[in-house]
């Protein structure tokens, strides 16, 4: 066996060996050994000490046990030896260690000892260091062997003492909306179980549990078959309300037992479900990422929405006191003590009255509606459909499986995770790039005949008869494809990534900063095409991108951010958090500062042109959204979008903008998957929302035949 070098080392554990390690702490009371320099003497006890520590760090129990004296091996058989390490490792919540010999010496002809420094990282009690001692004896084969005992791990453990962790926890914070309505709070669920020895009628037990839990009677019977008669065998969870409604039946069926435990409650049900999310037991993958914060296998963690995105705030951080106890339970030593970090209650930026309004307007259309505060970037509402009930997710595994397998993807948070071509909404970006990067004037002239053939094949404008002579400004107003084909062509002449540079400035192809899982989408460029498709970027790619088609994939929140940037002149990150509070309500909530935001890389004069063109979109007679907003009393700036999808499917319908035009307060986006024309579907939908938002009397919006066919 080759000896290790004298160099200190730190090794992360291989996967699967974390449970093999054992925490130790404290200083050995023996006098320090002299530091020795290794010699070529193969009998040096330091070699044995180093090899033992190396095996420990690798979780190689067999190798460790082989280094023990015969007496120690007899006293601690391999199974007991391994079990001791694993048990204490679990108790100490250990996940990483490192050790190195600092001194070794022969005490006489047949005895030696080695001191080593060891450091441990625990999930609950923090970092611990120690300098234990390894006693060794020379056997008849002239090999140094270790007289192992728990004192090698922690001097105060001795032979009979035990290690005990006393966790310190923090109650999960309450979630409110911006007005103080409770959105998520502590609740209760009831675990239904069976005590096998008390079952008088197995068919009755299995039948009732099958009815309440949605599982087969055969499966339930198998759960407790052969289990100890006096044990409580958990079968499944139901809500507290369901347990109360069925209390007499449950209590009247011998063998069924109930246990109540703390859980989470979502008073708003399915309203805002994707925003709030839900909690669940931490997975192995999550544990590997969260373990350093004190999470353990049975802990609860946010799985979706703000419950997941603000996990660190809502959960706080567990602490713990690690102590050595005597066989009688008296405390011998406090090894380490770390206080818990208190959780915070969270006030979302969402107004749940507005959220409900958005969901009512969206109805049962697969799509998205989102509204943000122009001044701060805080989301005020974010609706999608289909939705789900997070309360059922907590207690009904079959429901969660059903949601996951549903072709309509009710668990998909479409505003943040749905990725689509944006269609003509992207023309806002292309116009900005044309003005700023290509130096085009707002009056840049074009001729639209309904078909454009500059690439050698026909590319159509939505208006088959063409727009005739039209400039860049009116091209956005009327969403003329030919104007933007040629603007894209001009930008390609400036540089093949000129359009992408402007899109990146607006935040296309990037996360928006909102505290939830997002899809970054795809802003295609030459590097991406070379890597993904092994092909070169050509003029046609930029021309397609200029009208929001081709390889482009954006989320509704990204397109909301485009309108937000035009309205404010700043590229603000989006946020779901308005303020933070004490979980017990003992102090006033602390408003969260508006994060710094870079200015939009468009000059004031050119940005004013983009704003005017977006305003013209909503103004008769030519604006593509004028049928919805021409008579609307609040001045709106916006852009329609009709994004082509796969052949045979309707287009995605978009409308995004801000209001009021002259003093922007809100930015908004509406999108309906396969909804048809932006002017015919998305714009009327958003008019209805804004009508309710501004409390405008209902009137019948007029849509001309041309507008109904437009972008």
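The values are calculated or read from the model by the stated rules, or taken from the named source; none is laboratory data. Bear in mind that the values here come from a model prediction, so they are computed numbers and not experimental data. Using ideal geometry, Cβ is built from the backbone for each residue, glycine included, and neighbour counts are taken over all protein chains shown.
Please specify each residue of the stretch 413-437 satisfying the condition of being part of a loop (DSSP other than H, G, I, E, B) and in contact with a helix residue (DSSP H, G or I) (Cβ under 8 Å, 6 or more places away or on another chain).
Within the stretch 413-437, 413, 418, 422, 437 meet the criteria.
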- Item | Selection from the stretch 622-646 of residues that are touching a residue at least 60 places away in the same chain (Cβ under 8 Å), in a loop (DSSP other than H, G, I, E, B) and more than 12 Å from residue 682 (Cβ to Cβ) | 622, 623, 630, 631, 632, 633, 634, 644, 645
- For helices (runs of 4 or more DSSP H) lying entirely in the stretch 481-556, having 2 or more residues that are touching a helix residue (DSSP H, G or I) at 6+ places or on another chain (Cβ under 6 Å) picks out 481-494, 498-506, 539-546
- Apart from one, (1) surrounded by fewer than 21 Cβ atoms within 10 Å (Cβ to Cβ); (2) on the phi < 0 side of the Ramachandran plot all hold for residue 226; the odd one out is (2)
- Query: When you scan the stretch 214-235, how many residues do you find that are part of a loop (DSSP other than H, G, I, E, B) and touching a strand residue (DSSP E or B) at 6+ places or on another chain (Cβ under 8 Å)?
  - Reply: 3
- Query: Are there any pairs, at least 6 apart or on different chains, whose C-beta atoms fall under 8 Å, with the first in the stretch 495-523 and under 15 Å from residue 560 (Cβ atoms) and the second at pLDDT below 95 and in a loop (DSSP other than H, G, I, E, B), and if so, which?
  - Reply: 513/595
- Query: Can residue 418 be described as crowded, with 19+ Cβ neighbours inside 10 Å and either within 21 Å of the chain's Cα centre (by Cα) or closer than 17 Å to residue 681 by Cα (or both)?
  - Reply: yes
- residue 180: surrounded by 20 or more Cβ atoms within 10 Å (Cβ to Cβ), at pLDDT 90 or above and assigned to a loop (DSSP other than H, G, I, E, B), yes or no? no
- Collect the residues in the stretch 315-347 that are under 19 Å from residue 516 (Cβ atoms) and either modelled with pLDDT under 90 or touching a strand residue (DSSP E or B) at 6+ places or on another chain (Cβ under 6 Å) (or both), keeping them in residue-number order. 344, 345, 346, 347
- Among (1) in the same structural domain as residue 113 (by TED's automatic domain parsing); (2) surrounded by 12 or more Cβ atoms within 10 Å (Cβ to Cβ); (3) at pLDDT below 50, residue 37 falls short only on (2)
- Item | Within the stretch 557-590, tally of residues that are over 19 Å from residue 658 (Cα atoms), part of a strand (DSSP E or B) and either touching a residue at least 12 places away in the same chain (Cβ under 8 Å) or under 23 Å from the mean Cα position of the chain (by Cα) (or both) | 5
- Message: Take residue 415 and tell me if it is in contact with a strand residue (DSSP E or B) (Cβ under 8 Å, 6 or more places away or on another chain) and within 25 Å of residue 372 (Cα to Cα).
- Response: yes
- Task: Inspect the stretch 655-664 for any residue being more than 29 Å from the chain's Cα centre (by Cα) and under 22 Å from residue 545 (Cβ atoms) and give the result as yes or no.
- Result: no
- Hey, does the stretch 371-381 have a residue that's in contact with a strand residue (DSSP E or B) (Cβ under 6 Å, 6 or more places away or on another chain) and under 30 Å from residue 93 (Cβ atoms)? no
- Tell me, please, whether a residue that is surrounded by fewer than 20 Cβ atoms within 10 Å (Cβ to Cβ) and outside any loop (DSSP other than H, G, I, E, B) can be found in the stretch 376-391. no
- Query: Is it true that residue 135 is more than 30 Å from residue 381 (Cα to Cα) and either surrounded by 18 or more Cβ atoms within 10 Å (Cβ to Cβ) or modelled with pLDDT of 95 or more (or both)?
  - Reply: yes
- Subset of the stretch 278-292 (residues that are in contact with a strand residue (DSSP E or B) (Cβ under 6 Å, 6 or more places away or on another chain) and either within 21 Å of residue 185 (Cβ to Cβ) or in a loop (DSSP other than H, G, I, E, B) (or both)): 279, 282
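When the stretch 315-349 is examined, which residues are found to be outside any strand (DSSP E or B) and out of contact with any helix residue (DSSP H, G or I) (no Cβ under 7 Å at 6 or more places or on another chain)?
315, 316, 318, 326, 327, 328, 329, 330, 339, 340, 342, 349 - these are the residues of the stretch 315-349 that are outside any strand (DSSP E or B) and out of contact with any helix residue (DSSP H, G or I) (no Cβ under 7 Å at 6 or more places or on another chain).
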- Do we have residue 13 as farther than 21 Å from residue 159 by Cα, surrounded by 15 or more Cβ atoms within 10 Å (Cβ to Cβ), over 37 Å from the mean Cα position of the chain (by Cα) and at pLDDT below 50 here? no
- Message: Test of understanding: among 191, 253, which residue is surrounded by 17 or more Cβ atoms within 10 Å (Cβ to Cβ), within 30 Å of residue 310 (Cβ to Cβ) and in the same structural domain as residue 314 (by TED's automatic domain parsing)?
- Response: 191
- Message: Return the pair list, or none, for Cβ contacts closer than 7 Å from residues in the stretch 389-415 that are more than 24 Å from residue 263 (Cα to Cα) to residues that are surrounded by fewer than 19 Cβ atoms within 10 Å (Cβ to Cβ) and at pLDDT 95 or above, at least 6 apart or on different chains.
- Response: 408/386
- Message: Looking at 510, 500, 553 in this structure, which one is over 28 Å from residue 468 (Cα atoms), at pLDDT 95 or above and touching a strand residue (DSSP E or B) at 6+ places or on another chain (Cβ under 7 Å)?
- Response: 553
- Task: Scan the stretch 52-80 residue by residue and report those that are free of Cβ contacts under 8 Å to residues at least 24 places away in the same chain, under 22 Å from residue 160 (Cβ atoms) and touching a helix residue (DSSP H, G or I) at 6+ places or on another chain (Cβ under 8 Å).
- Result: 64, 65, 73, 78
- Message: Being buried (at least 21 other Cβ atoms within 10 Å of the Cβ) and more than 16 Å from residue 185 (Cα to Cα) is the requirement here; does residue 295 meet it?
- Response: yes
